[in-house]
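Just so you know, all these numbers are worked out from the coordinates, no wet-lab data involved. All values reported here derive from a predicted model rather than from experimental measurement. Cβ coordinates were reconstructed from backbone atoms using ideal geometry, including for glycine residues, and neighbour counts include every protein chain displayed.
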Amino acid sequence: MECFIVSPADVDDGVLILRGDEAHHAIKSLRLREGDELLATNLEGTCYECHVAASDAGSVTCTIDNALLEYGESAKDILLIQAMIAQPARWEFLLEKATELGATEIQPVVTERTEQRHLRMDRAERVLRAAVKQTKRARMPQVPEMITLEEALQNAASDFREIIIFEEAAERPLAEVVGTRLALVIGPEGGLTSGEILMARERFGAQVASLGNRRLRAETAAIAALAIAGSY
């Protein structure tokens, strides 16, 4: 069953309407017809099982069969605090995989060793929307504007999240420290500095964990951390 994105404003009284690119994809690409089943997410916590009732050149009207609250969402609330990656393709790859792995929010940050300090929000949103449809999630991860690492840690601590940072030399594996409301901190290509790690530990109570004895690329570390944290 294909998944589409519907605006919450286009859901009312047992009916939803796909418009624009979503309607075009349903009609022209997938050739959906009356009676065909589909899944639609409002990106705000609800997916709808429905079937096509009618269509025209610019819209597809569907009858809702079931409303599925938090469909495809994890029981864990995971914030990924991620230093920007220099290469746009690798950054977009990370956004895609973080969405697939269930991140609730992806907070871009600037660190001492960050090279890229510009975030294309329009490109990020396209990647996120496509990944949500691929994985059939009820929610799209939030990607706020870029802030400093210190600001992100302060926000995570104020939000009562368990903050976890990673060091190659750490003896404790991530699987031993995961909880249900997390903030996973991934540094840039050059890693976090010793001063940044000390700040995270002493000022914000961060725990230090290991992802193994290999040096990982930033996006690989993020994927590994999300996969491990989401599985316990």
Return the unpartnered cysteines for the chain, using a Cβ-Cβ cut-off of under 4.7 Å. CYS3, CYS47
Sorted by chain and number, the residues with a modelled amide H under 5 Å from that of GLN107, at a separation of 5 or more or across chains, are LEU80, ILE81, GLN82
Return the Rg/Rh value of region 3-69, two decimal places, where both radii are evaluated on C-alpha atoms and Rh is the Kirkwood radius. 0.92
ARG201 paired with ALA130, simple spin-label distance in nm, labels 7 Å along Cα-to-beta-carbon: 4.1
Counting DSSP beta bridges with both partners in the chain, what percentage is antiparallel, nearest 5? 45
Förster radius 22 Å - calculated FRET efficiency between ALA54 and ASP21, Cβ distance, rounded to 0.05: 0.70
Note to self, the chain gives a 222 nm [θ] from helices alone (DSSP H runs n ≥ 4, -39500 (n - 2.57) apiece, / all residues, nearest 500) of -9000 deg cm²/dmol
Residues HIS51, HIS25, sorted so that the one with the fewest Cβ neighbours within 10 Å comes first: HIS51, HIS25
Just to be sure I understand the model, the point goes 7 Å from the Cα along the line to the Cβ. What's the resulting GLU34 to ARG217 distance in nm? 5.0
Which value, in Å³ per residue, describes the convex hull spanned by the Cα atoms of region 46-90? 142
Quarter of the Cα convex hull surface for the chain, i.e. its orientation-mean projected area (nm²): 13.1
Could you work out how much longer the chain between MET1 and GLU168 gets when fully extended? Use 0.36 nm per residue separation minus the Cα distance between them, nm to one decimal. 55.9 nm
